[in-house]
Amino acid sequence: MTSPRSPLIIGAGPAGLTAALELMNRGVTPRLYEASAEVGGLARTPTDGDWRIDPGGHRFFTRNEDIMDLWKCLLPHDQWLVVGRRSAMLVGGYYVRYPLLGRDLLTQMGYRRGLRGLSSLAWSRLKRNFRLNDRDENFRQWGVGEFGRHWYEMFFDGYVRKTWLTEPEHLTSDWANQRIKPIGWRRSHDSDPASRDVFRYPRLGPGQLWEAAAGTLAHNGVVPRLNSPVTKLGFDGATWTLELADGDTATGDAVFSSMPLRLLVDALEPAPPKHIRAVAAALRHRSLITVAVGVDTRRDIPFNWVYTPGKDFHCGRIQNYRRWSNDLAPRDFDGAFLGFEYFIAPNGDLWNADDEHLTELVTQDLRTLGLGGAAVARVMIVRCEFAYPIYDPVRDRSVVRIRDYLRQQYPSLYPMGRNGMHHYDNQDHAMLSAMRSVGRAFGENVDPWQVNTDIGYHEYGLLRK
Ligand SMILES: Cc1cc2nc3c(=O)[nH]c(=O)nc-3n(C[C@H](O)[C@H](O)[C@H](O)COP(=O)(O)OP(=O)(O)OC[C@H]3O[C@@H](n4cnc5c(N)ncnc54)[C@H](O)[C@@H]3O)c2cc1C
């Protein structure tokens with residue numbers, strides 16, 4: 001295998017920019033094509049004057065030292081904040097800290113409910129230990145086994161329906177092992193979790209890091225071409241030809257792609273066989289619309305973000321941006337700057353809702369939150385179509401079939417990143433898959449598809465100063 005000399009990169013999100021930096025470090029100059037008007041992908045920071053949104057609430061944490069080093073190298077020390085993680089579930093008017101703590105569960109909503117939850121948990125654990133129930137295959141089985149039926153239904157059932165937009169029985173449990181922390185029972189857990197559970201955050205939002213990455217690339221003569229969606233990828237056995245929406249073309253000897261895997265397969269020419277196209281066409285995403293509102297209120301919500309699993313809210317989660325960084329709102333604004341997140345199923349009606357309708361929804365949610373009377377200083381709306389790759393029971397098999405087909409037929413095509421591999425990756429894993437893809441193109445024995453496949457809980461990461 002010869003190393004790429006004229007690589008092309010699709011997408012200037014975390015994966016695309018990392019691939020570009022990695023190629024540059026190896027002495028190769030890539031060309032990048034980005035569909036949108038900004039770099040950073042899902043981790044960009046949309047702005048309106050001095051108002052900045054983080055479309056997701058991006059905690060920067062990783063267990064990988066190379067990633068941590070790259071973050072530190074791209075953005076100066078004084079631009080990083082260290083933020084305590086403070087999240088909660090808003091249930092029946094109570095802000096219950098999340099990850100869940102045993103003491104809160106037993107006392108916060110009254111002892112009777114606490115005891116009910118505890119006995120339900122004991123019964124579930126007993127069944128699990130004696131293997132009286134099924135294997136933990138779907139999310140509901142996993143959740144009931146882990147939290148007991150009472151607390152599972154109180155906190156997670158509505159959350160899954162609202163954010164994953166599916167029946168909990170239809171969702172596999174593998175991501176839950178990674179993302180949902182068990183109840184903390186030890187006394188040490190009772191102290192404020194924010195004092196122990198901290199993450200890094202760029203002062204001006206996640207996009208600040210990716211703009212810095214683009215700046216480093218530009219300094220070396222690599223400037224992503226924005227507003228340039230790739231619509232076709234032609235391959236003649238040696239050379240790739242990318243077709244852009246405006247009719248331009250670009251040729252190269254390798255392609256690193258972070259565009260959604262489904263769309264990549266659909267854009268290949270000659271077209272893959274029917275069965276591969278059918279498998280790819282069935283990969284689905286959930287979309288996300290964030291409506292950020294600046295409201296003149298003195299009331300502070302003492303959490304970075306709050307889950308709202310109940311039916312009383314339209315949104316599934318609320319971001320409290322000023323708890324992430326005060327610099328996300330203008331200096332002279334001393335109210336609350338909140339991001340209401342609406343999760344949308346594939347082909348869901350809300351995706352087509354206009355700004356007026358979304359503003360009406362957020363007004364109702366503000367009312368439910370108790371901020372109905374506050375004057376609104378700013379509304380910003382951000383839409384992310386490919387926000388979450390959906391994990392349905394056939395996802396693993398489908399992705400493996402596509403991966404094997406692409407590897408065999410197109411050895412110089414490297415899908416990478418969250419949507420590029422249809423994998424529920426955070427930034428560090430998207431970056432790692434990009435680094436490994438470049439390593440593989442240079443003949444190293446590494447497999448980008450094996451990134452982020454461990455099932456242990458990995459919400460904690462390195463936090464070196
Ligand atoms: C709600 C939410 C919360 C999150 N929270 C965290 C968190 O706390 N911590 C964390 O580390 N990560 C978090 N993430 C994940 C993080 O956003 C992703 O892991 C990361 O952005 C993936 O990078 P990527 O480059 O693979 O993909 P993306 O960010 O999706 O970037 C892909 C880029 O490719 C472009 N593109 C797509 N198609 C084409 C095309 N045909 N032609 C040209 N360009 C194209 C897109 O416009 C985009 O810019 C969160 C994500 C969401 C949605």
Legend entry - Within segment 256-269, tally of residues that are assigned to a strand (DSSP E or B) and within 11 Å of the ligand (Cβ to nearest atom): 2
Legend entry - Neighbours by Cβ (under 6 Å, 6+ apart or cross-chain): first from segment 220-234, within 20 Å of residue 24 (Cβ to Cβ); second outside any loop (DSSP other than H, G, I, E, B) and within 9 Å of the ligand (Cβ to nearest atom): 224/32; 225/33; 228/33; 228/244
Inset, instruction - Hand me the list of strands (runs of 3 or more DSSP E) wholly inside segment 336-443 holding 1 or more residues that are within 15 Å of the ligand (Cβ to nearest atom) and farther than 30 Å from residue 51 by Cα. - result: 413-415
Legend entry - In segment 367-384, the residues that are of a type outside the set (Ser, Thr, Tyr) and more than 17 Å from residue 343 (Cα to Cα): 367, 369, 370, 371, 372, 373, 374, 375, 376, 377, 378, 379
Inset, instruction - Take the residues in segment 166-199 that are outside any helix (DSSP H, G or I) and under 16 Å from the mean Cα position of the chain (by Cα), then tell me which one is modelled with the lowest pLDDT. - result: 180
Inset, instruction - Please list, ordered by first then second residue, the pairs with beta carbon atoms under 7 Å, 6 or more apart or interchain, first in segment 29-41 and under 19 Å from residue 209 (Cβ atoms), second outside any loop (DSSP other than H, G, I, E, B) and within 7 Å of the ligand (Cβ to nearest atom). - result: 32/16; 41/14
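Could you pull out the residue among 238, 245 that is touching a residue at least 12 places away in the same chain (Cβ under 8 Å), of a type in the set (Gly, Ala, Ser) and away from the ligand (no atom under 16 Å from the Cβ)? Reasoning before the result, please.
Numbers: 245 fails: away from the ligand (no atom under 16 Å from the Cβ).
It is 238.
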Inset, instruction - Inspect segment 65-86 for any residue being buried (at least 22 other Cβ atoms within 10 Å of the Cβ), within 15 Å of the ligand (Cβ to nearest atom) and in a strand (DSSP E or B) and give the result as yes or no. - result: no
Inset, instruction - Looking for whichever is more than 15 Å from residue 255 (Cα to Cα) and crowded, with 24+ Cβ neighbours inside 10 Å here; the options are 418, 401. Which one fits? - result: 418
Inset, instruction - Give segment 1-10 a look and list any residue that's within 15 Å of the ligand (Cβ to nearest atom) and surrounded by fewer than 24 Cβ atoms within 10 Å (Cβ to Cβ), or say none. - result: 8
Inset, instruction - For segment 43-59, state whether one or more residues are of a type outside the set (S, T, N, Q), over 20 Å from residue 201 (Cα atoms) and without any contact (Cβ under 8 Å) to a residue 12 or more places away in the chain. - result: no
Legend entry - In segment 11-59, the residues that are near the ligand (Cβ under 6 Å from one of its atoms), surrounded by fewer than 24 Cβ atoms within 10 Å (Cβ to Cβ) and among the charged types (D, E, K, R): 59
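Any chance segment 348-362 includes a residue that's free of Cβ contacts under 8 Å to residues at least 12 places away in the same chain, among the hydrophobic types (A, V, I, L, M, F, W, C) and surrounded by fewer than 18 Cβ atoms within 10 Å (Cβ to Cβ)? Break it down into steps so the answer makes sense when it comes.
Start the filter on segment 348-362 by keeping residues that are free of Cβ contacts under 8 Å to residues at least 12 places away in the same chain, which leaves 349, 352, 354, 356-357, 360.
Filter once more, so that each one left must be among the hydrophobic types (A, V, I, L, M, F, W, C): none.
No, segment 348-362 contains no residue that is free of Cβ contacts under 8 Å to residues at least 12 places away in the same chain, among the hydrophobic types (A, V, I, L, M, F, W, C) and surrounded by fewer than 18 Cβ atoms within 10 Å (Cβ to Cβ).
The values are calculated or read from the model by the stated rules, or taken from the named source; none is laboratory data. Please read all numbers here as calculations on a predicted model, not as lab measurements. Note that each Cβ is placed from the backbone with ideal geometry, even for glycine, and that neighbours are counted across all protein chains shown.
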